[in-house]
Each structure stands twice: as C-alpha cells, then as structure tokens.
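Novice: Encoded as structure tokens, here's the structure I'll be asking about.
Values quoted throughout were computed directly from the atomic coordinates according to the rules given, and no laboratory measurement underlies them. All values derive from a computational prediction rather than experimental measurement. Heads up, the Cβs are rebuilt from the backbone with ideal geometry, glycines too, and the neighbour counts pull from every protein chain shown.
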Amino acid sequence: MSSAPLISEPQPVRAARVGGLALAGKYPRVTLASAFVALLFLVALVAPILSPHDPLAVNPDNPYLPPLSPGHLLGTDELGRDLLSRVLWGTRVSLPVAFVAVAVGFFAGGIIGLVCGYAGGVTDLLLMRFIDALLAFPGLILAIALVAALGPGLRNAMIAIGIVAIPAYARLVRGQVLQLKHMEFVTATRSLGAQPLRLVFGHILPNLLNPIIVQVSLSAGFAILAEATLSFLGLGAQVPTPDWGQMINSGRTFLNNDPWLAIVPGAAISVAVFSFNWLGDSLRDALDPRLRS
Amino acid sequence: MLTYVLRRLLLMLPVAFLVTVGVFMLIHLTPGDPALIVLGEDRSPQAIAAIHQQLGLDKPIYVQYVIWLGRIAHGDFGRSITTHQPVGTAITERLPATLELGTAALLWSLIIAIPLGTIAAVKRGSLADYIATGITVAGVSLPNFFIGVVLIFVLSVSLRLFPFGGYIPLGQDPVESLHHVVLPAIALGTAGAAINMRFTRSSMIEVLNNDYVRTAWAKGASWQRVIFIHALKNALIPVVTIVGLQIGGIIEGAVVTETVFTWPGVGRLAVESISDRDYTVVQAIVLLAAFSYMLANLLVDLVYRWVDPRISYS
C-alpha cells in the first residue's frame, strides 16, 4: 500500500473560463430562446428603419390589399395602412409595456419580499396578508378592474399589469430570503459585524438572481399577453396606436374577406409570448441543478 | 379535519377583508365624480347633491364602506347605474351562460390533456411526446381571443361547421346549445388543456419511476392495469389542484372569450359595464371573481386530502 500524503501539495488553481460559444453549446435551448428575444428587441429598435411605410399613414385608395401586394408585403387594413409596418411598430408598444410592468412588479414585489423575509414577525405577517389579498384576485380580473378604475390607456395598463406581477416576485424573494438568511455564509457575515443593508445587498441578493431571472422572463410573457388582452378589450392602447391586441379587435370585424388583418397581429403576439415563455422555461432548466438533464 | 377547515376559514378572514376594501376602493380610485356618470347632461349642483345622498357619497369613506359591506352581506349589490336593474339579478341572469361555457371548456381541457399527457409520459422522447410538448408550448403562448378568432375564421366562416356566436340555453334546445358552445369552449379551454397536459405528463413520469409501478410490471400486470390503475390514478393528484384553480378562475377567462363570441355571460357583462362606466356592476363582478377564486383555493386543499389520504392536516 503506497503511503499517500494526507495533505497534497497545493495545485495551481485554474480559473474555470467558459467562453460564450462553449456556454451556447452547453445550453442550446437558452441560446436559441435568447436569440428569439434579442430579435424582438432588435425589431423594436430598428422598426422605423425596417418599416416600409408610416404605420399611421392612411391611404384611402388602397384598403384591404391582400398579403404579397406590390409595396405591401402583408397587405393593408381597412384604412389602407400598411400591415407590416403596423406589426413591426407593435413591438415598440408591447415590449416597453412588458418592460415597465415587469419593472414595477420586480421592484415593488422584490422590496416587499426582501423586507418580509429578512424582518419576519409582524412586518412579514401584515405585508404578506396584503400580498395574499392581491393573489385572491385572478390576475386578468385585477388588471381589468384597475384599468377600469384608473381609465383606459397604455400608461394605466402598464401600472395595472405591474401590480398584478407584484405577488409573484414578493413570494419568490421572501421564500428565498427565508432560506438564505439561515445559511452559514450569512450567519458568518453577520457575526463579522456586517450591517443589514450590506448583508441584504452584498450577500443575499446576488444569490437570488437565478430564480429572479427566470421569473422576469416568464412575467414578461404574461405582461405582453395581458397588455394585448387589455387592448383587445379597448382598455389598453387606443386607436390609432399600432398595437397588436387592438389590431386583432378591429381586424376581427373583417374575418369574412380579410382574415389576415386579425391573424397577422395574433401571430406576432404568439411569437413574442412564446419567446419569453421559452426563455423562462429553458433558463429554469439550465439554472436549476435538479432539472438539468 | 374540522380544526383545519376552521383554521383555514379564520386565515381567509383578513384576506377577505382586504379584498372587500380593495374592491370598495375601486370606485374611489375612479377619476371624476360617479354622480356625473349617473346624471349625464343634467348636472345642476342640486342634482349632484341628491345623487351623492342617494349613493351615500356624502358620508365619510369608512361609513360608506361599512354600509356597503352590510348590504353585500345581505346579498344587496346595489343597482346598475345605467340600467337601474339590481346588480345581483343582472349577474344571476348571466351566470348560467358563463357556467355552461366554463364547464364545457374544462371538459375540453381534460379530454385533451389527460390522454395526451399520459401518452407523452409513457412514450417519453417519442414523436407523440414532442407533439404534446409542442401543443403545451403553443397553448400557453396563444392568446385565447386569437384562438377564438382563428376558430371563427376556419370552422365558422370558411367551413360553416359551427355558428360564430350567440348562446342558446341548455334547457331550451340541448343539441343547439352544445353546437353553439363548442367553439367558445375550445378557445377558453385550450390554455387550461396545455397546463393540465404539462402537469399530467410530469406527474406521470414521476409516478412511473416509483417502486410500486416497477413491482406491478414485475408481477406481470397488463400495461392497461399498470398505466390506468396503478400509475394514472396517483399521477392525477397534482392535476386536481390545478383544475380546481381553473374552476375558480372561470370568470377571468370568460371575460375575453365571451366578448369574442358575443356570449351573454358574466364576463361580457363586465366588459359592457366597464365601457358604460357602470362601477356598481364592475365592483360586484370583481368581488364575485375574487371570492370564487378564494373558495376554489380552499376546496382544492380539502379535496386534496380526499384524493390523497397520505396528506395529514394535523
């Protein structure tokens, strides 16, 4: 039997460097889904350059042109407006709404969750009852009720969808903080005299990022869907804003002869929601070690 | 068990209180004076004061809340601002249509979800599994109003197989009633079907890996017996939770689907009331939606024990 030394010689530590391509190869689903989402943002960014026409320009001489008409790849609507331009500009309505709504949910819910999880006691009890009350409303009903009260419009739709997103973030962050605050590294940092703010922002928050990234992606999908629904019902974007939900609502009147007026914006919503949902799902699989296959 | 039910009901009380406060405050968040909506053109100060007195708006807000809550407790939801019909009557008149649509949508979702979810789990990694997963992803990404519009275009406008809207009560003409409910039920139930399929699949995969299922195979039990008697029965336990919540959320989905299919239910009443700024009706429907959702949550917890006796509430 060879007598191996109990303590081996210290080996030079090699930093685990993972290149972007290697990472993309390791998580192909995340890469593909991220590419879809990035493409959506790119379209929103360059919509003014990509759009062949002004999305609001009415052209009474060319209404109801079918797809593949000269100069109008996806045809025109009842007012002769170019459908492709309106769909492209639609990303500039849906994505900012999703961004603001997610930000409202993320910041408000995240702060509530952090405070509840870290402080505990009566603060936790009272704030979580407020969250429970928000959860007692079905999401869309709450959004509709808030927009009904605040008045129709994109700004109020963003606020309403953001409020609907608060409970998910609050519960997620609270649960994670409750787990993390009893872990050894947090106890050790506290015993070294770290202040609560440093503990929360320097040690607890960075460990929450993975589940939050997943939630951000999933709630962006929900926000796009909710915004389209509110606009479909006449509570979100108002005419003549090129909004997908609102376009389906006006397009469904012409289903008999011009079905593309409703189908094209519907496909755009589906692709956008699918991209964010897919990204959220694949990130969850990639970031959660239990789900990694 | 009784202790558990009582404890759950007690825990529900503060939440129910906050829900009623939230719903009550809806009318007070509204920009402008509700009296002006009631009055229309006649806006003399005397008329406004009279309406304030009639609606109780001249009293302090907490008094208004207590009076409103007392009325709600007695089943009095007030009168519609636009039609002057009692709100309770307006809702109960529309509720059967919503319940019929909700039941049909739920049946559709289960008819699709359980067989496809089971096949996807049993034949994991096969073409059937990929198709089922594809349906799941599409089902949760497609807005139900878009599914409705596509169904109307394909099955109603193009193929003329189904009517594109309207409602016939089940008691009046059962066959025509079912004929009218097919498209709205598919539109409303597809997202639920996708979610239920996902749950059935993942739960079934987990159950199929259990020792008792392996034992059943080893004993030489037929595949039908192993899949349907041993595995599926237990795999459906988590599905019960999600289906229960879907029952509680019927009104939520109905809001959009009923608008697309001109279905005269509670959801459409909500949309009409919002555009008419009829806040008494909106308040009542939001309250109904929230309480049915809370009740569904409670019932799911209770039913869970019945379907899975291993769960203890002690």
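Novice: Step through the residues of region B:141-153 one at a time and calculate ³J(HN,Hα) from phi using the Karplus curve (6.51 cos²θ - 1.76 cosθ + 1.60, θ = phi - 60°), rounding each to whole Hz and writing x for Gly and Pro.
Specialist: 9, 7, x, 5, 6, 6, 4, x, 4, 5, 4, 4, 5
Novice: Going by average Cβ neighbours within 10 Å, how do the peptides B:100-111, B:52-63 rank, with the highest at the top? Don't skip to the answer; put the middle values down first.
Specialist: Working: B:100-111: 20.7, B:52-63: 12.5.
Packing proxy ranking, top to bottom: B:100-111, B:52-63.
Novice: Please give every one of the aspartates and glutamates within straight-line cross-link reach of B:LYS219, meaning a C-alpha to C-alpha distance under 19 Å, and leave out same-chain neighbours fewer than 8 residues apart.
Specialist: Those aspartates and glutamates meeting the cut-off are B:ASP211.
Novice: Here's something else I'd like to know. Is there a simple number for the mean count of other chain Cβ atoms within 10 Å of the Cβ of residues in A:158-164, and what is it? Walk me through the intermediate numbers first.
Specialist: Numbers: counts 0, 0, 0, 0, 0, 0, 0.
So the per-residue partner count for this stretch is 0.
Novice: Where Lys and Arg each count +1 and Asp and Glu each count -1, what net charge lies around B:HIS52 among other residues with Cβ under 10 Å from its Cβ? Kindly include the intermediate steps, with their values, before the conclusion.
Specialist: Values: positive: B:LYS59; negative: B:ASP33, B:ASP58.
Taking every Cβ under 10 Å from that of B:HIS52, the sum is -1.
Novice: Next up: Under 19 Å from a point 7 Å along the Cα-to-Cβ line of A:THR189: which residues of region A:85-126 have their amide N that close?
Specialist: A:110-120
Novice: Which far-off residues, 5 or more places away or on another chain, put their amide H under 5 Å from the one on A:THR76, with H placed in the peptide plane?
Specialist: A:TYR64, A:LEU65, A:LEU83
Novice: Same structure again: Can you work out the Karplus-derived ³J(HN,Hα) for every residue in region A:192-202? Use 6.51 cos²θ - 1.76 cosθ + 1.60 with θ = phi - 60°, whole Hz, and x for glycine or proline.
Specialist: These are the phi-based 3J(HN,Hα) values: 7, x, 5, 6, x, 4, 5, 4, 5, 7, x Hz.
Novice: Mind checking which aspartates and glutamates have their Cα closer than 15 Å to the Cα of A:LYS181? Skip sequence neighbours fewer than 8 apart in that chain.
Specialist: Once the sequence-local aspartates and glutamates are set aside, what remains near A:LYS181 is A:ASP124.
Novice: Considering the dipole of chain B built from charges on the beta carbon (Lys and Arg +1, Asp and Glu -1) around the Cα centre, which of B:LEU208, B:ASN297, B:LEU2 is farthest to its positive end?
Specialist: Most positive-ward Cα: B:LEU208.
Novice: Hey, got the average number of other protein chain Cβ atoms within 10 angstrom for residues in B:12-24?
Specialist: On the way: counts 2, 0, 6, 9, 3, 2, 7, 6, 1, 1, 8, 2, 0.
Mean partner-chain Cβ count within 10 Å for B:12-24: 4.
Novice: Is chain B best put as rounded, prolate or oblate by its Cα gyration tensor, with a ≥ b ≥ c the root eigenvalues, rounded for a/c under 1.5, and otherwise prolate when a/b is larger than b/c, oblate when not?
Specialist: Working: a/c = 3.05, a/b = 1.67, b/c = 1.83.
It is oblate, given that a/c is not under 1.5 and a/b is not larger than b/c.
Novice: Continuing with the same structure: Once Lys and Arg get +1 and Asp and Glu get -1 on their Cβ, which of B:LEU155, B:VAL226, B:PRO60 lies farthest toward the positive end of the dipole of chain B?
Specialist: The one lying farthest along the dipole's positive direction is B:VAL226.
Novice: Exposure proxy check: B:TYR130, A:TYR27 ranked by fewest other beta carbons within 10 Å? Walk me through the numbers before you get to the answer.
Specialist: Values: B:TYR130 12, A:TYR27 17.
In order of increasing Cβ crowding within 10 Å: B:TYR130, A:TYR27.
Novice: Under unit Cβ charges (Lys, Arg +1; Asp, Glu -1), what dipole magnitude, rounded to 20 debye, does the protein assembly as shown have relative to its Cα centre?
Specialist: Charge dipole of the protein assembly as shown: 2200 debye, to the nearest 20.
Novice: Please give the helix B:87-122 orientation as an angle from the longest Cα principal axis of chain B, in degrees from 0 to 90, rounded to the nearest 10.
Specialist: Roughly 20 degrees between the two axes.
Novice: Continuing with this model, one more query. Around B:ALA105, with a cut-off of 12 angstrom between Cβ atoms, what is the net charge of the other residues, counting Lys and Arg +1 and Asp and Glu -1?
Specialist: Details: positive: none; negative: B:GLU100, B:GLU252, B:GLU258.
Residues near B:ALA105 contribute -3 overall.
Novice: In peptide A:252-262, how many Cβ atoms from other protein chains are near each Cβ within 10 Å, on average?
Specialist: Whole-number average of other-chain Cβ neighbours for A:252-262 is 3.
Novice: Continuing with the same structure: Quick one: B:MET12, B:MET25, A:MET158, fewest Cβ neighbours within 10 Å first, how do they rank? Write down the numbers at each step before the final one.
Specialist: On the way: B:MET12 18, B:MET25 14, A:MET158 24.
So the residues, fewest neighbours to most, are B:MET25, B:MET12, A:MET158.
Novice: Would you mind ranking B:HIS179, B:HIS84 so that the residue whose beta carbon has the fewest other beta carbons within 10 Å leads the list? The partial results should precede the final answer.
Specialist: Working: B:HIS179 14, B:HIS84 8.
Fewest to most other Cβ atoms nearby, the residues stand as B:HIS84, B:HIS179.
Novice: If you don't mind, another one. Quick one: net charge around B:VAL19, please, counting Lys, Arg +1 and Asp, Glu -1 for every other residue with C-beta under 11 Å from its C-beta.
Specialist: Details: positive: A:ARG129; negative: A:ASP132.
Its environment carries a net charge of 0.
Novice: Could you tell me which helices of chain A pass both thresholds, a Cα extent of 15 Å or more along their own axis and a mean Kyte-Doolittle hydropathy of at least -1.0, with helices taken as whole DSSP H runs?
Specialist: Numbers: long enough: A:28-50 (31 Å, 2.15); A:83-104 (31 Å, 1.56); A:121-135 (21 Å, 1.44); A:139-150 (16 Å, 2.93); A:154-180 (38 Å, 1.07); A:205-232 (39 Å, 1.31); A:260-287 (40 Å, 1.06).
Those that clear 15 Å and a mean of -1.0 are A:28-50, A:83-104, A:121-135, A:139-150, A:154-180, A:205-232, A:260-287.
Novice: Determine the distance separating the Cα centre of region B:119-193 from the Cα centre of region B:16-68; give it in Å without decimals.
Specialist: 42 Å
Novice: May I pose another question? Near B:LYS233, which aspartates and glutamates are there with a Cα under 14 Å away, not counting those fewer than 8 places off in the same chain?
Specialist: B:GLU206, B:ASP308
Novice: Using packing as a proxy for protection, rank A:208-217, B:273-282 so that the peptide with the highest average count of other Cβ atoms within 10 Å comes first. Display every interim value, and only then the final one.
Specialist: Details: A:208-217: 18.8, B:273-282: 21.2.
The densest-packed peptide leads the list: B:273-282, A:208-217.
Novice: Putting +1 on Lys and Arg Cβ atoms and -1 on Asp and Glu Cβ atoms, find which of A:TRP260, A:PRO52, A:ILE204 reaches farthest to the positive end of the dipole of region A:24-291.
Specialist: Value computed over the given set: A:ILE204.
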